[in-house]
Amino acid sequence: GVWFYNKYSLPSNDGLLNLENINQKLIFIAGSVLVLSSILFPFKNKVENWGLKHFKYIFYFSVLAFAFMHIQNYTLNLRTILFSPLFIMPQLFGGLNDAYIRMKYGIFWSYLAHMINNFIFISGKLLF
């Protein structure tokens, strides 16, 4: 995957395609969301109905995506890829917990639970 991307991606000497800066990433994501939402706005009811119809699939896919996003916390090699389900299991259960809190109590409480979880583990890592 990385070899293919590096070999066949467009050169980024001008910095337009180089998204290493967090601000560039945020602007790119915000722009993508804005373009996508403006394209889908005329079909708002159809998109909402589709989302409600397929909610459980979207729910679990987003939890899995959240968990697998954390694989970047580890050095990427064959062992990491093979054992990735074990490495990301805490994030998987944390994602399920945060998603449940989000649906039951709202996004604020889900963010708060995620921040508390990160604070506990990061402060434990810093202390020991």
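Take Ile39 and tell me if it is at pLDDT below 90 and under 30 Å from Ile122 (Cα atoms).
It is false that Ile39 is at pLDDT below 90 and under 30 Å from Ile122 (Cα atoms).
Taking Lys125 as the residue in question, decide whether it is among the charged types (D, E, K, R), open to solvent by 100 Å² or more (accessible area, probe 1.4 Å) and either closer than 17 Å to His70 by Cα or not in a helix (DSSP H, G or I) (or both).
Working: among the charged types (D, E, K, R): yes; open to solvent by 100 Å² or more (accessible area, probe 1.4 Å): yes; either closer than 17 Å to His70 by Cα or not in a helix (DSSP H, G or I) (or both): yes.
Taking the combined requirement at face value, the residue satisfies it.
Just checking, does region 101-114 include any residue being at pLDDT below 90 and of a type in the set (Gly, Ala, Ser)?
Initial filter on region 101-114 (at pLDDT below 90): none.
Checked against the condition, which is being at pLDDT below 90 and of a type in the set (Gly, Ala, Ser), region 101-114 yields no hits at all.
Residue under question is Phe61, and the condition is that it be modelled with pLDDT under 90, surrounded by 11 or more Cβ atoms within 10 Å (Cβ to Cβ) and part of a helix (DSSP H, G or I); does it hold? Steps first, answer last, please.
Numbers: modelled with pLDDT under 90: no; surrounded by 11 or more Cβ atoms within 10 Å (Cβ to Cβ): yes; part of a helix (DSSP H, G or I): yes.
When the stated conditions are applied, Phe61 does not pass them.
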* To do: Pick out the one residue from Asn23, Asn117, Asn77, Asn45 that is at negative phi and surrounded by 10 or more Cβ atoms within 10 Å (Cβ to Cβ).
  => Asn117
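Restricting attention to region 93-113, which residues are open to solvent by less than 50 Å² (accessible area, probe 1.4 Å) and part of a helix (DSSP H, G or I)?
Scanning region 93-113 gives Gly94, Gly95, Asp98, Ala99, Ile101, Ser110, Ala113.
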* Asked: If the Cβ limit is 8 Å and pairs must be 6+ apart or interchain, which residue in region 96-122 that is in contact (Cβ under 8 Å) with a residue 12 or more places away in the chain pairs with which residue that is among the aromatic types (Phe, Trp, Tyr) and open to solvent by 60 Å² or more (accessible area, probe 1.4 Å)?
  -> Ile101/Trp109
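The values are calculated or read from the model by the stated rules, or taken from the named source; none is laboratory data. Computed from a predicted model, the values in this text were never measured in an experiment. Please note: Cβ atoms are built from the backbone with ideal geometry, for glycine as well, and neighbour counts cover all protein chains shown. SASA here: full protein model, heavy atoms, side chains in, ligands and nucleic acids out. Shrake-Rupley method; radii C 1.70, N 1.55, O 1.52, S 1.80 Å.
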